[in-house]
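Report on one structure; see the data block that follows.
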Amino acid sequence: MKKLPPLKAIPVFVEVAENLSFSKAADKLFVTHSAVSQNIKQLESFFDKKLFNRENKVISLTEFGERFYLKARESIRILEEATKFELKKINEINIQCISSLAIKWLIPIFPEMKQAFPDLNIKITTPMHDYYTAGDTSKPSSKEVILNSDISILYGKKEDFEQVNSKLFFEDELILVCAPSVAQHNNLQNILNKYPKIVVDVPFREDDWAFWSANMELLETPEDNNILFQTSLQAIQAAIAGLGIFVTHKAFVIDELKNGLLINLNTKKIVPDYHYYLIMDTENRQKKTLELVEWLYQKV
């Protein structure tokens, strides 16, 4: 390393240069006048040049002192900005969560999370895709997806996350839901025969109905009366409005079931092959991150 001047003396020099007073600098730095003088002497000795002109108890910067002051002040500013940035990063946690789960589960508990971790700057982001399948080259791998997050909650099979530090977050469950008005005075088979099926028309949701029917040991009803939507959130609202019946993921409708907006028509538990996995950055073992992960597990 190249030889450097006494680093502790530089902030003292900058304070004196800005106030043109040893006494004022001492007061602002909460040190003695002699301590300030000693720091300036150390710098002048290091450079073998005067930093200040001293005439009749009035000081001014020498030409060299002026040049060094401008560089020293800029260096301190850069250090302050770097420190501020790193301190902000230390207290910042990025939680990446698939969009439906973020809207239906994570965001509703966000106020409680902030209350539990008031010093953390928690950022919620969503990945481009709601699920990841090992070997699917049309999507980034789960390893690529978590690069910019401290904690990720993704949907897939266990083998889809073998490249990363993953742990089962919670088990998925498929349920058939409808509005109370639809369920009233109807048994399950009558409801299936009478009301349209609400379907989320995306590749990863297209088998939900077939999987549910097979596990309930029921024949699928014809598709000519289906109502199609592009997102689970749209489909949930349609079910609440009584437009039809909807096979969805229980995690998406917890509040609606609790508030009586929807009725769960399942007569048994149906667990698909895909679940929710929590993934942590392998290099991130900070206490705050581990505490937040533990808190999230308590909420599922």
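The values are calculated or read from the model by the stated rules, or taken from the named source; none is laboratory data. All values derive from a computational prediction rather than experimental measurement. No Cβ is skipped: glycine too gets one built from the backbone with ideal geometry, and neighbour counts run over all protein chains shown.
Brief remarks follow.
- Candidates are the residues of the stretch 242-298 that are of a type in the set (Ser, Thr, Tyr) and in contact with a strand residue (DSSP E or B) (Cβ under 7 Å, 6 or more places away or on another chain); the one that is farthest from Ala183 (Cα to Cα) is Thr282.
- Unique residue being surrounded by 14 or more Cβ atoms within 10 Å (Cβ to Cβ) and without any contact (Cβ under 8 Å) to a residue 12 or more places away in the chain when the list is Asn190, Asn186: Asn186
- Pairs where the first residue, in the stretch 54-66, is closer than 13 Å to Val16 by Cβ and the second is of a type in the set (Lys, Arg), C-beta under 6 Å, 6+ apart: Thr62/Lys50
- Check on Lys71, surrounded by 12 or more Cβ atoms within 10 Å (Cβ to Cβ) and either in contact (Cβ under 8 Å) with a residue 40 or more places away in the chain or of a type in the set (Lys, Arg) (or both): no
- Exactly one residue among Ala239, Ala235 is in contact (Cβ under 8 Å) with a residue 60 or more places away in the chain, assigned to a helix (DSSP H, G or I) and buried (at least 19 other Cβ atoms within 10 Å of the Cβ), and that residue is Ala239.
- Residue match in the stretch 19-31 (condition: among the β-branched types (Val, Ile, Thr) and loosely packed, with under 14 Cβ neighbours inside 10 Å): no
- You will find that of Ile124, Ile103, the residue that is surrounded by 12 or more Cβ atoms within 10 Å (Cβ to Cβ), at negative phi, assigned to a strand (DSSP E or B) and outside the structural domain of Lys258 (by TED's automatic domain parsing) is Ile124 and no other.
- In the stretch 47-64, the residues that are in a helix (DSSP H, G or I) and out of contact with any Lys or Arg (no Cβ under 9 Å at 6 or more places or on another chain): Phe47, Glu63
- Residue in the stretch 33-46 that is over 45 Å from the mean Cα position of the chain (by Cα), surrounded by 11 or more Cβ atoms within 10 Å (Cβ to Cβ) and in a loop (DSSP other than H, G, I, E, B) present: no
- The condition (being part of a helix (DSSP H, G or I), more than 14 Å from Asn165 (Cα to Cα) and not assigned by TED's automatic domain parsing to the domain that holds Lys123) is satisfied by just one residue among Asp255, Asp273: Asp255.
- Residues (in contact with a Lys or Arg (Cβ under 9 Å, 6 or more places away or on another chain) and at pLDDT below 90) located in the stretch 250-274: Asp273, Tyr274
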